[in-house]
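Asker: The following block contains the structure, expressed as structure tokens.
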Amino acid sequence: MDPLFGLVVYVSDGSRFVLGVLGTAAVAGAGAVAVLRRGRAVGSGSGRWRAVLLVGLALAGLMPALWWWGPWRPDASLGYFGDDPVQGAGAERYNAFVRAVWASWWISVAELVGFAAVVAAAVLGRGRRMPRRDGGPP
Amino acid sequence: MIPGGPPEVAHLLVGVIGPAAVALAGAVVALRRSPGVWRTVLLTGLAVAGLVPALWWLVSLMNSSLTFVPYVAYLCASVLVSLAELGALATVVTAALLGREPEPTRPPG
């Protein structure tokens, strides 16, 4: 492999790991901590939307990590550089590649559901009554 | 199309049309319900999160051949797309967390 090409792939892969896995997990983790602290401060009245937001954050934050460290990811690279997909021993590798594509697809479904849950919590969870500063009922 | 894999239209639905539909529905509801600065934050996040996958799908980079220069351009574009998506997710989560504005305190009596 051309060293420059290897360097480009290495940097790109690292960047996508930082952005797509660590960054997403960090956003989800920070959001989960904030919503848990806020929920505790507000009390049980925020329970339903807090739960929706936490589920959405978990899905949106953990799915990329699951993909990155999952058993499918090495298989996903099998089809990149022109392997013969259906001949002889290549067939087994091709089947592994197809399984990786399916895994990627289901993970995308989970991410979409997580995104929808976070958006639902953002849009519909607002306007809930917060504790009044004077300590009266919300 | 990958024989034996999910149909191309399934990827299109989950990765492009789905996020765009969620973003559009969220934007419509946000416009109708939420006042003020958090509406703007939420709409910005939704727009980026909904449009970036569609932009990626439609641009010619997606079909770049694996020769060196187009492939490098493809990798750079995919990093920028990941960056935009991460920013959008952070924006929407921020709006979800901080956008709950207190009800105005009722006057005594």
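Asker: Quick one: how many residues across the stretch A:1-49 are more than 10 Å from chain B (Cβ to nearest Cβ), modelled with pLDDT under 80 and crowded, with 16+ Cβ neighbours inside 10 Å?
Answerer: 1
Asker: Which helices (runs of 4 or more DSSP H) does the stretch B:1-61 wholly contain that include 1 or more residues that are closer than 25 Å to B:Thr94 by Cβ and modelled with pLDDT of 75 or more? Can you show your working first?
Answerer: Working: elements: B:8-12, B:18-33, B:37-58.
Fully inside the stretch B:1-61 and qualifying: B:18-33, B:37-58.
Asker: Taking the stretch B:33-42 only, how many residues are under 21 Å from A:Thr24 (Cβ atoms) and more than 7 Å from chain A (Cβ to nearest Cβ)? Steps first, please.
Answerer: Filtering the stretch B:33-42 for residues under 21 Å from A:Thr24 (Cβ atoms) gives B:41-42.
Cutting the leftovers down to more than 7 Å from chain A (Cβ to nearest Cβ) gives us B:41.
Total satisfying the criteria: 1.
Asker: Could you please let me know if B:Ala30 is crowded, with 16+ Cβ neighbours inside 10 Å, under 9 Å from the mean Cα position of the chain (by Cα) and within 9 Å of another protein chain (Cβ to nearest Cβ)?
Answerer: Values: crowded, with 16+ Cβ neighbours inside 10 Å: yes; under 9 Å from the mean Cα position of the chain (by Cα): no; within 9 Å of another protein chain (Cβ to nearest Cβ): yes.
Answer is no for this residue.
The values are calculated or read from the model by the stated rules, or taken from the named source; none is laboratory data. These numbers come from a predicted model, not from an experiment. Note that we place each Cβ from the backbone using ideal geometry, even for glycine, and neighbour counts take in every protein chain shown.
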